[in-house]
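Throughout, read-outs are computed from the coordinates displayed, never taken from laboratory work. None of the values given here were measured: they were computed from a predicted structure. Cβ coordinates were reconstructed from backbone atoms using ideal geometry, including for glycine residues, and neighbour counts include every protein chain displayed.
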Amino acid sequence: MQSPDLTRLGPWNERPAAQQPDWADHPAYREACRTLASAPPLATGVEIRHLRGALSNLNATGGLLLQAGDCAESLYECAPRHTAEKLRVLNALGDRLSELTGREVVRVGRMGGQFAKPRSQPVERFGGLDIPSFRGHLVNSEIATEGTREADPRRMPWAYRASERVHLAIRESRRADGAAASGKGPWSSHEALVIDYESRLLRADPDTGNLYLSSTHLPWVGERTRRPGDAHVALLSAITNPVGCKIGPAADPDDVRRVCEALDPRREPGRLVLIPRLGRDEVVEELPRLVRLVADAGHPVIWLCDPMHGNTVRSRLGLKTRRLADVIIEALRFRDILERHRQHAAGIHLEVAADDVTECVGGPVGEEDLPRHYTTLCDPRLNAEQATELIEAWAKGTSPGP
Ligand code: PEP
Ligand code: CO
């Protein structure tokens, strides 16, 4: 059993941390933290080393990475049948990408822990009242009343148990595919956002003694929490997992340099997945600068395109949506720019639902269809048909239109 003291050694609990829940001295807080600190790892050190090994070869071999899943996972959708559906969609997309490109595709789900969301506004207006924003099922409920939006620390062990079920199902599918030995099969990932939760799931790898984050295989730090001196970056700096970092269009070059230095000080292939999410138009201006800056600093990063988060708009009916056409254009521009800079465009990071949602406009979904099956807890997701169209465009390298 790991010593809970591990979780108190690091600086992350003392550094500034944006986007944290206000647990407001909830009486269950200490017990929830204790439960997590003594719980078995969800992702194991051996698995994390496998994934890191697979990622370390991508740039040299031209292999690809596909990261996809819900914007916000639901605690009510973590039964084996839910996970099986999500893995089926992820694998179908990965297989299609592999078939069209002739490349191996490492598959990573936004799953088994994607329960916490950063929000631009701390409150939202609802029925004439300002109530706290939904912050993901790890923190509060999506149901819009003041009481149900209070942060409840008992949700942390609840999320842990749901993640445990998802990780068991992912592990089982890897075993069934016989993929464990070859390093194939899907892996888990989520935004490491809630420091109380993540820091209690740090563990020492029994084989190497190294510290790793046992809540997921591939944690990432989001656009709103990637400040170099802050808690989230300190936490991800201290672990041996491969780590991701989102980069938005307003990123300060110096911050990018510092966050890369913090997360990848030894310039190791397979360590840092850089995930620009710039927007269809901004990608043209911003990405070349970013690529040169990172290359000059000598980080052998994995360049992963998130064509979703820079392209969110409001539909005429007021629903948050994204246009598949914009998403495809950003992805193809990303690939072209990377190639022009003689860097490997390693793949795409998507928000995709396992069922046939109508949240993004494009392909079979017109703007008037959006309300028909709009079930996301947070950002609009592609359905499998739309995601397949994107993957086919990426693989064929169809030139971006106007
Ligand atoms: C997300 O991936 O859902 C997200 C919030 O991304 P970003 O940090 O890039 O805004
Ligand atoms: Co999102």
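Taking just the alpha carbons, could you work out the radius of gyration and Dmax for the range 181-298, both in angstroms?
14.8, 47
Which whole-Hz ³J(HN,Hα) couplings does the range 300-311 yield from phi under the Karplus relation 6.51 cos²θ - 1.76 cosθ + 1.60, θ = phi - 60°, glycine and proline marked x?
Per residue, the Karplus-derived 3J(HN,Hα) values read x, 6, 8, 8, 10, 8, 9, x, 8, 6, x, 10 Hz.
Add -39500 (n - 2.57) for each DSSP H run of 4 or more in the chain, then divide by its residues: what number comes out at 222 nm, to the nearest 500 deg cm²/dmol?
-11000 deg cm²/dmol
Mind jotting down the distance between the C-alpha centroids of the range 229-279 and the range 330-402, whole Å?
Their Cα centres are 24 Å away from one another.
Arrange S133, S214 by Cβ neighbour counts within 10 Å, fewest through most, would you?
Arranged by neighbour count, lowest to highest, S133, S214 become S133, S214.
Find the relative contact order for the range 12-396 and round it to a whole percent, using C-alpha pairs within less than 8 Å whose residues are 6+ positions apart.
Over the range 12-396, the number comes to 20 percent.
Going highest first, how would you order 188-196, 18-26 by mean Cβ packing within 10 Å?
So the order, starting with the most tightly packed, is 188-196, 18-26.
Using 7 Å Cα-to-Cβ label points, what is the R289/V313 separation (nm, one decimal)?
Between R289 and V313, the label points sit 2.4 nm apart.
Residues with amide H under 5 Å of I247's amide H, sequence separation 5 or more or different chain, H placed in the peptide plane at 1.01 Å from N; which?
Excluding prolines and chain starts, which carry no amide H, the hits are I275, R277.
Can you list the residues, at least 5 places off or on another chain, whose amide H is less than 5 Å from the amide H of E124, using H built in the peptide plane?
So E124 has HN proximity to I131, S133.
For q values of 0.25 Å⁻¹, compute log₁₀ I(q)/I(0) with the Debye formula on a Cα-only model of the range 70-135, without solvent.
-1.03
Provide, for the chain, the number of lysine pairs with alpha carbons under 27 Å apart, each pair being eight or more places apart or on different chains.
For the chain, qualifying lysine pairs total 11.
I'd like to compare 260-269, 232-241: which one has the highest average count of other Cβ atoms within 10 Å, and what's the full order after that?
232-241, 260-269
In the chain, what is the volume of the convex hull around the alpha carbon atoms, normalised per residue and reported in Å³?
Cα-based convex hull of the chain, divided per residue, equals 135 Å³.
Measuring from label point to label point, each 7 Å out along Cα→Cβ, what is the R34 to E146 span in nm?
Rounded to a tenth, the inter-label distance reads 3.2 nm.
Could you rank the peptides 279-285, 150-156 by their average count of other C-beta atoms within 10 Å per residue, with the highest value first?
Final packing ranking: 150-156, 279-285.
With +1 on each Lys and Arg Cβ and -1 on each Asp and Glu Cβ, how big is the dipole of the chain about its Cα centre, in debye rounded to the nearest 20?
Roughly 720 debye for the chain.
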